[in-house]
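Okay, so here's the structure we're looking at.
FYI, it's all coordinate maths here, none of it is from the lab. The model shown is predicted, which means the values in this text are computed figures rather than measured ones. In this analysis, Cβ positions are derived from the backbone assuming ideal geometry, glycine residues included, and neighbour counts consider all displayed protein chains.
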Amino acid sequence: MRRGFEAASAALGLPPDMPRLAADHQPGSADRIVDVLLASDTTALLAHPDEEAVLLLQELRSRGLVVPDDVALVSYDDEFAALSDVPLTAVAPPRRELGRAAVELLARRLRQDGTEAMRHIHLLPRLHVRSSTSG
């Protein structure tokens, strides 16, 4: 996911020194991320998974920031992003299609003698735009 983010950032011409933090799921991680946000000109956050996005939303609101007016917030996962106090815009990976493709590939390989060419499959996620972004 990090490589994809870096490739997309480069393709869009975004600055390579954008603040990026890996949440460590420890108490205070959302607090540290919001500290970096406030010390920079950051106006949007992408969080993975939904749990991190909800923690960030709570921390932003506790600091008096309004989502999406002050900061846009996007989650990557979309397990329960729509259920947040402020419904979160979310990137939804194609879980069902991924599972189906995995089973089909496995079944095909089990039927073959190992000489079949390797395949590379692209399954693109969907973006569900909700209240945490300006649209």
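At 0.36 nm per residue, minus the direct Cα-Cα distance, what do L106 and D17 gain on full extension? Give it in nm, one decimal, please.
Details: separation 89, 0.36 × 89 = 32.04 nm, distance 4.11 nm.
Extra length available between L106 and D17 comes to 27.9 nm.
Suppose every Lys and Arg Cβ carries +1 and every Asp and Glu Cβ carries -1, with no other charges. What dipole size does the chain come out with about its Cα centre, to the nearest 20 debye?
On the way: 15 positive and 20 negative charges, 144 e Å.
Value, rounded to 20: 680 debye.
Restricting to the chain, what percent of DSSP beta bridges are antiparallel, rounded to 5?
On the way: 3 of 10 bridges.
Once the DSSP bridges in the chain are tallied, antiparallel ones form about 30 percent.
May I ask you to work out the translational diffusion coefficient for region 60-135 at 20 °C, viscosity 1.002 mPa s, via Stokes-Einstein with Rh from the Kirkwood sum over Cα pairs, reported in whole µm²/s?
Working: Rh = 15.1 Å.
Answer from the Stokes-Einstein relation: 142 µm²/s.
Translational D (Stokes-Einstein, µm²/s) of the chain at 37 °C and 0.692 mPa s when Rh comes from the Kirkwood sum over C-alpha pairs? It would help to have the intermediate numbers written out before the result.
Values: Rh = 16.8 Å.
Estimated via Stokes-Einstein, D reaches 195 µm²/s.
Computed FRET efficiency, Cβ-Cβ of D41 and H128, R0 25 Å: what is it to the nearest 0.05?
Details: r = 27 Å, r/R0 = 1.07.
The computed FRET efficiency comes out at 0.40.
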